[in-house]
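Inspection log for the structure reproduced underneath, given as structure tokens.
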Amino acid sequence: MSTIALLGQPNSGKSTVFNQLTGARQHVGNWPGKTVEKKDGSFSYNGKKYELIDLPGSYALSGNSDEEIITEDFIKSGKADLVCILVDASQLERSMYMVSEFALLDKPAVLLLNMMDVAKKQNKEIDDKLLSERLGIPVLPFTAADGKEYGKLKDMLEQELSAPHKLVSKPWVVDSGKEKSIDLVKAESEAKFQWVAEMLDGVTKTKTEKYELSKFDRVAIRPVLGKLVSIGIILLAFLVAMIVCIPFMSLGSMIPKYSSGPISDALTSINVHPWLVSIFSLMIPNVIYFSLSMAAFVLGVNLVFGFLEEVGFLARAAYQFDGVLSKIGLQGKAVAPLLMGFGCTIGGSCGTRVMDNWGQKMLAMAAVWAIPCASIWSIIPVVSGMFFPAWGTLLICLCILLYVVFMMFIVSKVFGKKLAPIETRTGMIMELPPYHKAHWKHIWKEAFFKALDIFLRALRTVTIISLLFWALSYSGSGAIEDSILYKIGTAIEPVTKFFGMGWRTFMAFLSGAFAKEAVLGVLNAVFVGDNSLLNATFNAKTAGADAGSLSTIMSNSVSQAEALAFMFAVTFNIPCVMALSTTYRESHSLKWTARVAIFYFGSALLLSCVVYHVASLFL
Amino acid sequence: MKLNELKEGTMASVLSLDADMHLLSRVTSIGVTEGTRIQVVKNDKKMPILIYVRETLLALNRKDCEKIEVEVIG
């Protein structure tokens, strides 16, 4: 099997080419020992199978980051039979810099002039035949988002693999293994651009000399107005994502609602053990519902983010928020997933796909977890209302928001050093790509594959965690006192008391790590006791907590300090099993997902402890 | 003159880069080298500076711009 590697700078359209060629046949992991994402996949053409490696995106090959080192080493190793280099045809001179560095490695290659649609729109003409002649390798004008162009690409790859070409020209550099001085590096990079100029002489005819900001950009880059516009657009995008996923979610919610009863009746009538009845009637329908909800979110978020990224808007938002976010080690781009986190942590987590590298992606996900999602904002006022007047609730919400900021700093202190090493945090140097037209067919295709992938994988993860929770909350008699969770809960109550929560609130806190919607149902089950714990957890939305009696009983048996501690603990706990599962799927790292989860669980307990003991002094 | 002191719309040429290896490689690989012609597109206080160089619109950190010595041209 032949191996082809894709090489290109960020924004060159590399991942589009990779996804279009491999479709669903891809595997994402990490490069050995590095926090850099490794994507490989395969495709077949004319009966032959090809392996495709997506090399990490970087601007150069000068060994200045993990990405650059991995890319350079991989090409030098000769594991790729052919390197397919992508350049941006609309910014040819600058993106050819990568080609000049590649030329020094002396390996077989082809060149794709991507974004020809943008170049044409800017009236840029490129003589690809002349360029091909000078470089000595095939040059193909291309538009990666256009599915119709891939036949030509595959033909070229097939042909080149049987008779490969290497670049015939290369820039001047000093050939020495020694550390190079700053002056030498400067001279060499000038020589590289000089080489690019020679290669392009007569190849490109029109060149824009003066740049005019578009009308939209005049607004989008204003310091204050631009930020407001960015936030507005991202929130609007979130709304659109919700509209896309709501039909799927409501369809999914009908599964447990309408199937639980009949399944339970049918199985009971044929004398199936109650254990199995509850698994099949309660757990499985909910696992399918959860997985479907996740997939729907992923579909919606990928559609809007795919669009915002492709048209070039996300880069503007990144420019606006880079200054603020760099304080916690994140790139400006993280603003979009972070804002989405206020709606839903799953949405925010899968929105981190726009980040440039794996470390940034993981760090952004860890930060998104700290943002209270819409479900939390619906629980807090209910719980708070039982104990505090309206102004108190408002104050609590404000404190939660302040703590979010604090938590971000903690997350950055705890995980930032490893995920975004200080030495890689340069001040912002980024390109604002020209506005593109969105290719909807391609955006839909990518979003659909991603959603399908998440659905299939989520079924497994959610099943495992649900089984665990089911086992803990199962009770033969239906009474809470017979569940393992109750036994553990009451046994460790002396410990949980130290953290500020009695066994009842502690159980609701635990269930919040499973699904935020379960919190009210579980509170109802443990305080009012008119519903089994299992029903409360898995049928959270249909159980319907009786707010009146819950309020009376809770305010009698729980102190204000405990209520306060509980609210903070629930808000900053592990968001939910679906967010956990999405984070694992997006990061491909069980180790890091577990680290972040343990950190959140631990810090929520610690927070609860501090809040309880401080509040006890005053309340 | 330093790059961060230039007004909007000014055309300039890069005279020298007073950068360490890391910054040097970053700005070079994205197209800013000694002798390059640049256009200052936007220069607002406290915001990164937008420049147009080699057909690319770039956002550059203000601090880094202080290390780029430029000369205004025609």
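See the values below:
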read-out: Residue ID - farthest from B:M1 (Cα to Cα), chosen from residues in the range B:52-68 that are more than 7 Å from every other protein chain (Cβ to nearest Cβ) and at pLDDT 90 or above; value: B:V53
read-out: Residue match in the range A:306-328 (condition: of a type in the set (K, R) and more than 30 Å from A:G33 (Cα to Cα)); value: yes
read-out: Selection count where residues are assigned to a loop (DSSP other than H, G, I, E, B), within 14 Å of chain B (Cβ to nearest Cβ) and either basic (K, R) or closer than 24 Å to A:K418 by Cα (or both), scope the range A:310-330; value: 0
read-out: Residue match in the range A:400-412 (condition: within 14 Å of chain B (Cβ to nearest Cβ), under 30 Å from B:R26 (Cα atoms), of a type in the set (A, V, I, L, M) and part of a helix (DSSP H, G or I)); value: no
read-out: Some residue of the range A:560-580 being surrounded by fewer than 22 Cβ atoms within 10 Å (Cβ to Cβ), in contact with a helix residue (DSSP H, G or I) (Cβ under 8 Å, 6 or more places away or on another chain) and farther than 30 Å from A:L299 by Cβ; value: yes
read-out: Candidate set: the range A:222-273, residues that are over 30 Å from B:N43 (Cα atoms) and polar (S, T, N, Q); chosen: the one nearest to the other protein chains (Cβ to nearest Cβ); value: A:S250
read-out: Tally of residues being outside any helix (DSSP H, G or I) and farther than 19 Å from A:D54 by Cβ across the range A:331-368; value: 4
read-out: Qualifying positions in the range B:19-34 - more than 16 Å from A:S100 (Cβ to Cβ) and more than 7 Å from chain A (Cβ to nearest Cβ); value: B:A19, B:D20
read-out: Any hit, the range B:3-15, residues being under 22 Å from A:W195 (Cβ atoms) and polar (S, T, N, Q); value: yes
read-out: The lone exception for A:A109 - which of (1) of a type in the set (G, A, S); (2) in a loop (DSSP other than H, G, I, E, B); (3) surrounded by 24 or more Cβ atoms within 10 Å (Cβ to Cβ); (4) modelled with pLDDT of 95 or more it fails; value: (2)
read-out: Only listed residue being assigned to a helix (DSSP H, G or I), among the basic types (K, R) and under 27 Å from the mean Cα position of the chain (by Cα), chosen from A:K186, A:K227, A:K257, A:K192; value: A:K227
read-out: Residues of the range A:202-218 satisfying the condition of being part of a helix (DSSP H, G or I) and away from every other protein chain (no Cβ under 12 Å); value: A:K215, A:F216
read-out: Residue match in the range A:137-150 (condition: over 24 Å from B:T33 (Cα atoms), of a type in the set (S, T, N, Q) and outside any helix (DSSP H, G or I)); value: yes
read-out: Qualifying residue in the range A:118-131 (condition: assigned to a loop (DSSP other than H, G, I, E, B) and in contact with a Leu (Cβ under 9 Å, 6 or more places away or on another chain)); value: yes
read-out: Meets criteria (within 20 Å of A:S326 (Cβ to Cβ), modelled with pLDDT of 90 or more and more than 9 Å from the chain's Cα centre (by Cα)) for B:K42; value: yes
read-out: Residue ranges of helices (runs of 4 or more DSSP H) in the range A:441-539 with at least 3 members of a type in the set (A, V, I, L, M); value: A:484-491, A:503-514, A:518-527, A:533-538
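The values are calculated or read from the model by the stated rules, or taken from the named source; none is laboratory data. Owing to the predicted nature of the structure, the values given are computational and were not obtained by experimental measurement. Neighbour counts run over all protein chains shown; Cβ positions are idealised from the backbone, glycine included.
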